[in-house]
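The values are calculated or read from the model by the stated rules, or taken from the named source; none is laboratory data. Computed from a prediction, not measured in an experiment: that's the story for all the values here. Here the Cβ positions follow ideal geometry from the backbone for every residue, glycine too, while neighbour counts run over all protein chains shown. Keep in mind that these areas ignore ligands, DNA and RNA; they rest on the heavy atoms of the full protein, side chains included. Shrake-Rupley method; radii C 1.70, N 1.55, O 1.52, S 1.80 Å.
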Amino acid sequence: MIPMKKIDVEAHFLTEEYVNHLMARNTFPKLDTVEDENGGKFQRIWYGPDLCQSRTDSVTNRLLDLGEGRLKEMDAAGIDMQALSLCSPGCEILNIAESAVVARKTNDAFYQVTKKYPDRFIGLATLAPQEPKRAADELERAVKELGFKGANINSNIRGAYLDDQKYWPIFEKAEKLDVPIYLHPTMLSSSTLKPYTSYGAILAGPSLGFAAETALHVMRLICSGIFDKYPGLNIILGHLGEGLPFWLNRIDLGWLKPPSPGEAKPICVRKPSDYIKSNFFVTTSGMFFEPAFLCAYLALGADRIMFAVDYPFEDSRLSGQLMDRMPICDKDKEKISHLNADTLFKLPFSR
Ligand code: MN
């Protein structure tokens with residue numbers, strides 16, 4: 001097979017300023033560094049007194065590298081472009097007083113990077129949804145003035161979910177600008193976190209909590225009727241749709257059952273799978289497990305899947321190789337590897 005252009009649509013970055021901001025905070029969330037007995041350094045993001053998520057110094061350095069080191073890794077892995085979002089946790093978990101300012105600064109900083117490498121990096125705006133109107137304005141600025149191709153929002157907004165209509169100006173703007181929103185996982189909201197905490201971020205994070213949190217968020221959005229109001233809205237989900245393709249039929253069966261009088265029910269007018277198939281794209285980030293990939297492929301089709309690595313948390317080279325080995329035709333691989341992203345992000349060139 002000839003190598004295909006590959007766009008990694010879920011790659012992450014950090015800025016020194018954002019790291020310093022989290023380190024300087026004296027309330028949660030905050031960040032510190034710690035050394036193990038072998039001298040290995042870790043950064044720990046503390047969500048509360050008993051829950052932290054750690055990453056190695058090497059991962060942190062790769063998140064901070066928006067130049068030669070990253071490009072070298074991309075080249076070695078055959079990754080042509082990355083669509084970049086600020087590493088979670090993002091501005092969604094900050095106080096209202098600081099979040100919009102930090103988001104704007106982050107977008108300005110990343111703009112300089114996209115200016116330097118316009119054919120390698122795609123910007124997904126950092127937003128502070130705590131102030132929905134301001135976030136919608138920032139999305140417009142990021143798209144129209146900075147050339148960003150969408151936005152990234154990390155699931156719950158300090159425990160709140162985006163199906164609340166007060167957040168809908170963000171979606172209205174995204175639909176109007178015709179740009180997608182990547183709904184990325186983050187630490188669970190306080191109301192759903194408790195049963196996970198005995199086993200730390202290992203359980204609450206990527207192994208289960210992140211997917212459960214984000215899938216719940218998606219279903220809240222669908223049930224709220226937001227896609228009836230904004231039918232042109234596109235949402236991107238990582239990790240092959242956070243489990244939803246697997247549940248699709250059962251979700252529909254539940255929706256089709258008539259509720260008893262007085263029971264709360266979804267407001268959406270179509271069955272949930274209709275929205276998943278028309279308003280969502282799922283990406284392969286961190287999910288190169290053939291049975292799961294084939295489930296998403298059969299449930300949604302190649303037009304709804306995009307290649308992603310989840311750089312630098314996953315290996316770009318290995319992810320690319322696994323993608324190339326998926327048991328599907330080259331035409332569909334091409335859609336997944338870059339054609340769907342070319343179209344969704346309206347990229348100026350294609351090969
Ligand atoms: Mn990610």
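Table: residues versus (1) over 24 Å from L84 (Cβ atoms); (2) within 16 Å of the ligand (Cβ to nearest atom).
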residue	(1), (2)
A264	yes, no
V269	yes, no
P272	yes, no
S278	yes, no
V282	no, yes
L344	no, no
Suppose we keep only residues that are charged (D, E, K, R), touching a strand residue (DSSP E or B) at 6+ places or on another chain (Cβ under 9 Å) and part of a helix (DSSP H, G or I) within the stretch 308-351. Which one would you say is farthest from K72 (Cα to Cα)? D332
Could you please let me know if A100 is within 19 Å of V309 (Cα to Cα), touching a helix residue (DSSP H, G or I) at 6+ places or on another chain (Cβ under 7 Å), modelled with pLDDT of 95 or more and open to solvent by 10 Å² or more (accessible area, probe 1.4 Å)? no
What pairs come up if the first residue lies in the stretch 236-259 and is β-branched (V, I, T), the second is within 16 Å of the ligand (Cβ to nearest atom) and open to solvent by 10 Å² or more (accessible area, probe 1.4 Å), and their beta carbons are under 7 Å apart, counting only those six or more places apart or on different chains? I236/F281
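Which of the residues belonging to the stretch 130-176 are within 22 Å of F345 (Cα to Cα) and in a loop (DSSP other than H, G, I, E, B)? Working first, answer last.
Looking only at the stretch 130-176, we keep the residues that are within 22 Å of F345 (Cα to Cα), and these are 135-155, 168-176.
Hits for the stretch 130-176 are E145, L146, G147, F148, K149, S155.
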Being farther than 30 Å from D324 by Cα and either of a type in the set (A, V, I, L, M, F, W, C) or within 15 Å of the ligand (Cβ to nearest atom) (or both) is the filter; apply it to the stretch 76-95 and report the residue that is most open to solvent (accessible area, probe 1.4 Å). I93
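Output yes when any residue across the stretch 219-234 is of a type in the set (A, V, I, L, M, F, W, C) and either surrounded by fewer than 16 Cβ atoms within 10 Å (Cβ to Cβ) or under 14 Å from the mean Cα position of the chain (by Cα) (or both), and no when none is. Before you say what the answer is, go through the steps one by one.
Initially, the stretch 219-234 is screened for residues of a type in the set (A, V, I, L, M, F, W, C), giving 219, 221-223, 226-227, 233.
Now narrow it down to the ones that are either surrounded by fewer than 16 Cβ atoms within 10 Å (Cβ to Cβ) or under 14 Å from the mean Cα position of the chain (by Cα) (or both): none.
Scanning the stretch 219-234 turns up no residue that is of a type in the set (A, V, I, L, M, F, W, C) and either surrounded by fewer than 16 Cβ atoms within 10 Å (Cβ to Cβ) or under 14 Å from the mean Cα position of the chain (by Cα) (or both).
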Look at E98 and say whether it is part of a helix (DSSP H, G or I) and within 16 Å of the ligand (Cβ to nearest atom). no
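Name the residue, out of E17, E68, that is over 17 Å from F313 (Cβ atoms), in contact with a Lys or Arg (Cβ under 7 Å, 6 or more places away or on another chain) and charged (D, E, K, R).
Values: E68 fails: in contact with a Lys or Arg (Cβ under 7 Å, 6 or more places away or on another chain).
E17 is the lone residue from the list that is over 17 Å from F313 (Cβ atoms), in contact with a Lys or Arg (Cβ under 7 Å, 6 or more places away or on another chain) and charged (D, E, K, R).
Inside the stretch 234-300, counting only helices (runs of 4 or more DSSP H) that do not spill past its ends, which hold 3 or more residues that are under 20 Å from I7 (Cα atoms)? If you could, list the steps in order and put the result at the bottom.
Values: elements: 239-242, 244-256, 272-279, 290-300.
Result: 239-242, 290-300.
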